[in-house]
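Engineer: Please read through the structure below; I'll follow up with questions.
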Amino acid sequence: MDITIPSSTSSSATSADPIEQSFDVVARQDQAEADIKVLRSDVDEVKARLDKVSRAASRPSIGGTSVNSKEVKGFVNGYLRRGRETEIKSTSGASPSDGGFAVPQQIDAMIARELTEISPIRSIAQVVQTGSSGYRKLIATGGTASGWVSETAARPETNTPNFAEIAPPSGELYANPAASQSMLDDAAFNLEAWLANEIAIEFARAEGTAFVNGTGSNQPEGFLQASTSTAEDGVRNFGQLQYIGSGNANGFDTAPDARLIDLIHSLKSGHRQGASFVMNSTTLASVRKLKTADGAFLWQPGMVEGQPNRLLGYPVIEAEDMPDISAGEFPIAFGNFRHGYLIAEHSATRVLRDPFSNKPFVHFYATKRVGGQVLDSNAIKLLKIEA
């Protein structure tokens with residue numbers, strides 16, 4: 001009988017299998033740990049990118065152009081945060097001798113948008129951008145003729161048109177917001193949005209006064225500074241505003257609704273499309289209490305969110321620089337200010353960084369040249385409280 005004895009070679013191979021298996025397990029564990037580390041690193045990188053995208057998304061975008069453009073980054077991180085003028089070579093109009101550096105277009109648009117939202121007269125007036133401070137505009141005051149003729153008939157001569165030229169008085173509008181150095185050193189601090197908002201608030205406060213009561217000396221001429229008359233359109237001199245008299249020093253008369261209706265219809269129908277009332281909050285409080293003879297309130301609150309409150313069907317703009325109800329004052333204006341008042345402004349806002357005047361704060365001295373004047377005196381009417 002044959003007996004087969006296993007060879008020593010096969011025996012040693014069999015005994016080595018568990019050791020090799022243990023090495024394989026260890027190798028697989030090491031590989032798994034390495035893979036986990038790579039995954040963790042990838043996750044951290046994705047989180048960082050998402051955080052950056054989230055911060056960028058929270059910043060305003062003007063006209064589809066992100067404010068995180070190369071030009072804006074150089075201006076904000078280089079000049080505004082650190083004062084390095086070499087970082088703003090791409091910014092047009094850089095001229096320290098003229099009072100600062102022209103801000104990038106995107107930031108200037110942010111300022112303009114904020115300004116329109118919070119400056120009451122700017123939001124309803126006609127605004128033109130100019131390249132110089134000497135803006136002039138010709139206004140047709142009449143003289144042109146029109147009529148009907150047949151296709152083959154001779155055309156009669158027309159009168160020579162009459163024009164008046166207006167040159168809105170202007171002045172340097174400035175704001176001087178300040179930030180601490182710790183704010184500027186904080187990379188998460190949205191410096192451009194903060195600066196645009198601060199500049200717009202200060203500009204709006206100064207504009208509100210000038211567009212209503214500005215003297216015209218190194219500042220716009222307010223519409224209440226125009227000469228006034230009771231004469232109707234076509235009779236008054238160019239530039240004079242018509243007013244309707246009402247009440248006395250104690251307030252409106254016994255028929256305020258009749259005076260307000262007279263005020264509305266003293267404006268030609270072409271101007272009434274887009275017209276609005278302008279008054280301050282104190283006058284508005286008095287107006288809201290007014291009633292017609294049958295007891296109905298003249299005031300009509302907006303029925304839908306976003307719609308303006310209305311007075312006799314027309315929106316009301318609150319301008320705190322309008323005078324209170326008092327003898328001889330003009331507390332209410334009514335008109336189409338887009339036709340009646342012109343704001344001419346130099347297109348670029350300039351900013352000068354000042355870290356020296358008020359240490360440890362850094363001031364940003366912002367300037368912009370703005371002018372304003374009555375454009376069409378037929379498009380704005382005033383209500384005067386008689387003495």
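The values are calculated or read from the model by the stated rules, or taken from the named source; none is laboratory data. Not measured: the values here are computed from a predicted model. We place every Cβ from the backbone using ideal geometry, glycine too, and count neighbours over all the protein chains shown. When the accessible area is computed, the model is the full protein with side chains, heavy atoms only, and any ligands, DNA or RNA have been set aside. Shrake-Rupley method; radii C 1.70, N 1.55, O 1.52, S 1.80 Å.
Engineer: Looking at the range 359-375 only, could you name the residues that are open to solvent by 10 Å² or more (accessible area, probe 1.4 Å) and under 21 Å from L184 (Cβ atoms)?
Structural biologist: Listed by number, the residues that qualify are K359, P360, F361, H363, Y365.
Engineer: Being under 15 Å from Y243 (Cα atoms) and of a type in the set (D, E) is the filter here, so list the residues in the range 312-337 that pass it.
Structural biologist: Answer for the range 312-337, where residues must be under 15 Å from Y243 (Cα atoms) and of a type in the set (D, E): just E329.
Engineer: Can I ask one more? Taking the range 129-145 as the search range and keeping residues that are open to solvent by 90 Å² or more (accessible area, probe 1.4 Å) and either part of a loop (DSSP other than H, G, I, E, B) or in contact with a Gly (Cβ under 9 Å, 6 or more places away or on another chain) (or both), which one is modelled with the lowest pLDDT? Give the derivation first.
Structural biologist: The first filter runs over the range 129-145 and keeps only residues open to solvent by 90 Å² or more (accessible area, probe 1.4 Å), leaving 129, 136, 138, 144.
Going one step further and asking which of them are either part of a loop (DSSP other than H, G, I, E, B) or in contact with a Gly (Cβ under 9 Å, 6 or more places away or on another chain) (or both), we end up with 136, 144.
Details: R136: 86, T144: 64.
This residue is T144.
Engineer: Out of V212, V287, V235, V316, report the one residue that is more than 33 Å from the chain's Cα centre (by Cα) and not hydroxyl-bearing (S, T, Y). Reasoning before the result, please.
Structural biologist: Numbers: V212 fails: more than 33 Å from the chain's Cα centre (by Cα); V287 fails: more than 33 Å from the chain's Cα centre (by Cα); V316 fails: more than 33 Å from the chain's Cα centre (by Cα).
So the residue among V212, V287, V235, V316 that is more than 33 Å from the chain's Cα centre (by Cα) and not hydroxyl-bearing (S, T, Y) is V235.
Engineer: If you take the residues of the range 349-387 that are assigned to a strand (DSSP E or B) and of a type in the set (F, W, Y), which of them is farthest from D324 (Cα to Cα)?
Structural biologist: In the first step, residues of the range 349-387 are kept if they are assigned to a strand (DSSP E or B); the result is 350-354, 361-374, 380-385.
Checking which are of a type in the set (F, W, Y) leaves us with 361, 364-365.
Details: F361: 39, F364: 35, Y365: 33 Å.
Among those that are assigned to a strand (DSSP E or B) and of a type in the set (F, W, Y), it is F361.
Engineer: Hey, can you tell me all the residues within the range 304-333 that are open to solvent by less than 70 Å² (accessible area, probe 1.4 Å), of a type in the set (A, V, I, L, M, F, W, C) and part of a loop (DSSP other than H, G, I, E, B)?
Structural biologist: Answer for the range 304-333, where residues must be open to solvent by less than 70 Å² (accessible area, probe 1.4 Å), of a type in the set (A, V, I, L, M, F, W, C) and part of a loop (DSSP other than H, G, I, E, B): L312, A319, M322, I325, A327, F330.
Engineer: Can you pull out every residue in the range 334-348 that is assigned to a strand (DSSP E or B) and either of a type in the set (D, E, K, R) or within 9 Å of A275 (Cβ to Cβ) (or both)?
Structural biologist: F334, G335, E345
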